[in-house]
Amino acid sequence: MQKMSNKVFIPVVYGVALAFGLLSMLAPNDYFYSAAYTVLLFVILSSAWNILGGYTGYVNFGTAAFFAMGAYTTVAIFKFAPGTPLIVMIIAGMLVAGLTGLGMGALTLRLRGVFFSIATLALSVVMFTFVVNWDYVGGARGAYVIAPRVAPLGFGRYIYFLYAVMIFLSATAMIVARIIETSTIGRGLEAIRDDELAAECCGVPTLRLKLLSTTISGALMGMAGTTYPYFVSYVEPASTFNLSYAVNSIAMPLIGGMTTWVGPLIGAVLLGTVQQVVQVTISSAWNLLIVGVLLVLFVTLAPEGIMGLWYDFRKKQRAKKGAAQ
Amino acid sequence: MSEMRSELLVVKGVVKRFGGFTALDGVDLDLKVGERLGLIGPNGSGKSTLVNCICGTLFNDQGSVAFEGEEISRLAAHKRIRRGLARSFQLPKPFATMTVVENLCVPILYAANARPGVVRASPAQAVEQAMEILNKIGLGAKAREMSGGLTQVDMRKLELARAMASRPKLLISDEAMAGLSNSEVDEILELLFAMKEQGIAVIMIEHIMRAVMRFSERVAVLVAGKKIADGDPEEVMRNPEVERAYLGE
Ligand SMILES: Nc1ncnc2c1ncn2[C@@H]1O[C@H](COP(=O)(O)OP(=O)(O)OP(=O)(O)O)[C@@H](O)[C@H]1O
Ligand SMILES: [Mg+2]
């Protein structure tokens, strides 16, 4: 099967995203938008996490820190100039989180395996402490971020606008992941994941590619956070740095499959939807438990995730066909 | 004729310590363009450590390594292979989640393509070049298999093939033949001989003396981090110090 070129892939993804957005207008109530917003948030976070974790093989426990960098960039800009357009906040948040990723990479990428992961967790704690003590963005008390009364571009209500923005950002995150995956850079990251020393000896500039990977991954996670203050209207550190961001952004690619951009999408839609349903029907307290149980099941029974199961199935089908001929 | 060949690699006074232990104790070694050198020595004498210092996976503590007249001992490993210095690993290190042919594409895209003056191969051309090498080395039929599932013999061949894919000027083969049968040893020897026609210099590290004697134009002997002999293979083997080092094992 010939792989779709990115020149075709990009318009296809944006086209599907647009169609999906238009279809959503049939939604029966507002609850749909807030639930779908959360699922899309996880699509971005898990796609971003997977660039470093899945493609490059470095497990980042600090998703919440990058997400919060994005969110608090918006809060800070809002405090400074409340009328600033959202697009400015998105770009600024990506820059801040991307630079944080670059800095984290420079400090920690000489660490391997579990030591790298612990360092990212430490980064999360440091950032949390920093924000708690930063009064300008509300400190531990939190801050209100009030959305404009009139949504831009004739969207009517602001939640519709936020939802549309999130669809666009999710599509962008998937496209970025796909471009990296299919490029020479993706091949280099894969080599680093398999054997860093051998990669270096094959000419792969391992340090530079790892820094690129932490930067892009961090920037996309930050991007996911930039719209969040408008979504919740009240931002405080404890929920912005919530453990569930780190857990979900690891669990979703793992369950979906970590080798391609499709895995995080499937994982996020599946796990995200399940959690939204559970939250309404039972209680949100069950969410992390369900994620945990699914994670254990997949790690033991299908470590390659849903995409891995699919590839195995396809292989068997082909083998059967081959035998029949 | 051989006097006309110019120096490709000049190693001078290389020292490498691990904590208080001196693994390389002032090693000198040089190699001319296209030359075939056998590097032998008992287990733990520092052969792999020397390879690591030459290729940049370890940095030497003292001394210098020059390649094509330029000092390279502070360069990162990826920059050295881009200049044409390739090695195979004693313990095979395949990119296990890639197919065999994809393994070869890595050095083609990252090392050969990064060399100044080389026509850059597109990803499709890289696959073609990789297939050519695999066919030559006898792995053509396994090109689409996952490299993690190869047998030990095939993994050693893959190590060599991947080093060759970078289009090296010097290839260092670190015990590529250990554990292979006689006919497989001959197969790999043929491959290494074929390098000569392409003007590629080879340093062959090997315990199988039959292969070393057949292959080498020159033999160097390392014992406990020191080079104790270097010269014509027959003469080196008659050297009493060398005999003692081997019999003393
Ligand atoms: N990373 C390291 N840390 C500490 N000691 C090391 C390290 N690498 C090698 N050594 C030691 O240095 C010495 C030389 O090892 P080296 O692997 O270079 O030997 P070798 O000649 O390649 O042996 P073999 O024939 O078994 O491959 C050995 O005593 C080994 O234990
Ligand atoms: Mg060795």
Subject >> Angle in degrees between helix A:158-182 and the longest Cα principal axis of chain A, rounded to the nearest 10 >> reply: 30 degrees
Original post:
Under the Karplus relation 6.51 cos²θ - 1.76 cosθ + 1.60, θ = phi - 60°, what is the ordered set of whole-Hz ³J(HN,Hα) values for the range A:239-252, x standing for Gly and Pro?
Top reply: 7, 6, 9, 4, 4, 4, 5, 5, 4, 5, 6, 8, 5, 5
**OP:** Using only Cα atoms, find the angle between the long axis of helix A:6-24 and the longest principal axis of chain A, and express it within 0 to 90 degrees, rounded to the nearest 10.
**Re:** 50 degrees
Original post:
What is the spread of the Cα atoms of the range A:6-244 along each of their three principal axes, largest first, in whole Å?
Top reply: 58, 47, 27
**OP:** Would you pull out the residues with amide H under 5 Å of B:Gly26's amide H, same chain only if 5 or more places away, H placed 1.01 Å from N?
**Re:** B:Val14, B:Val15, B:Lys16
**OP:** Would you mind checking which residues have amide H under 5 Å from B:Arg87's amide H? H placed 1.01 Å from N; only 5 or more apart, or other chain.
**Re:** B:Ile172
Original post:
Mind listing the phi-derived Karplus ³J(HN,Hα) values for the range A:75-88, rounded to whole Hz, using 6.51, -1.76 and 1.60 with θ = phi - 60°, and x for any glycine or proline?
Top reply: 4, 4, 5, 4, 4, 6, 8, x, x, 4, x, 4, 4, 5
**OP:** Using only Cα atoms, locate the centre of the range B:3-77 and the centre of the range A:141-174, then give the distance between them in Å, rounded to an integer.
**Re:** 61 Å
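In the structure displayed, which of B:Lys32/B:Lys196; B:Lys79/B:Lys169; B:Lys47/B:Lys93; B:Lys16/B:Lys47; A:Lys7/A:Lys316 lie more than 21 Å apart, Cα to Cα? Display every interim value, and only then the final one.
On the way: B:Lys32/B:Lys196 12 Å; B:Lys79/B:Lys169 14 Å; B:Lys47/B:Lys93 18 Å; B:Lys16/B:Lys47 12 Å; A:Lys7/A:Lys316 31 Å.
Those over the limit are A:Lys7/A:Lys316.
Counting only DSSP beta bridges with both residues in the protein assembly as shown, what percent are antiparallel, rounded to the nearest 5? Intermediate values should be presented prior to the final figure.
Working: 24 of 41 bridges.
If I count the DSSP bridges inside the protein assembly as shown, around 60 percent turn out antiparallel.
First check a/c for chain B, with a ≥ b ≥ c the square roots of the eigenvalues of its C-alpha gyration tensor; if it is under 1.5, answer rounded, and if not, answer prolate when a/b is larger than b/c or oblate otherwise. Intermediate values should be presented prior to the final figure.
Numbers: a/c = 1.65, a/b = 1.39, b/c = 1.19.
Here chain B falls in the prolate category.
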**OP:** Could you sort B:17-25, A:272-280 so that the peptide with the highest average Cβ count within 10 Å comes first and the rest follow in order?
**Re:** A:272-280, B:17-25
Subject >> Cα gyration tensor, the range B:103-249 - rounded (a/c under 1.5), prolate or oblate >> reply: prolate
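Of the peptides B:101-107, B:237-243, B:167-173, A:191-197, how do they stack up when ordered by the mean number of other Cβ atoms within 10 Å, highest first? Could the numbers behind the result be given before it?
On the way: B:101-107: 26.9, B:237-243: 13.3, B:167-173: 23.3, A:191-197: 20.6.
So the peptides B:101-107, B:237-243, B:167-173, A:191-197, ranked by packing, come out B:101-107, B:167-173, A:191-197, B:237-243.
Taking N as the number of residues in the range A:157-257, what value does Rg over Cα atoms divided by 2.2 N^0.38 Å take?
Details: Rg = 16.9 Å, N = 101, 2.2 N^0.38 = 12.7 Å.
In units of the 2.2 N^0.38 Å rule of thumb, it is 1.33.
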Subject >> Inter-part distance where the range A:238-264 and the range B:175-249 are each reduced to a Cα centre, Å >> reply: 52 Å
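So what is the relative contact order for chain B, in percent, with contacts set as C-alpha pairs under 8 Å and at least six apart?
Numbers: 482 pairs, mean separation 63.7, N = 249.
That works out to 26 percent.
No lab work stands behind these numbers, since they all come straight from the coordinates. As the structure is a prediction and not an experimental result, all values here were calculated from the model. Here the Cβ is made from the backbone with ideal geometry for all residues, glycine too, and neighbour counts use every protein chain on show.
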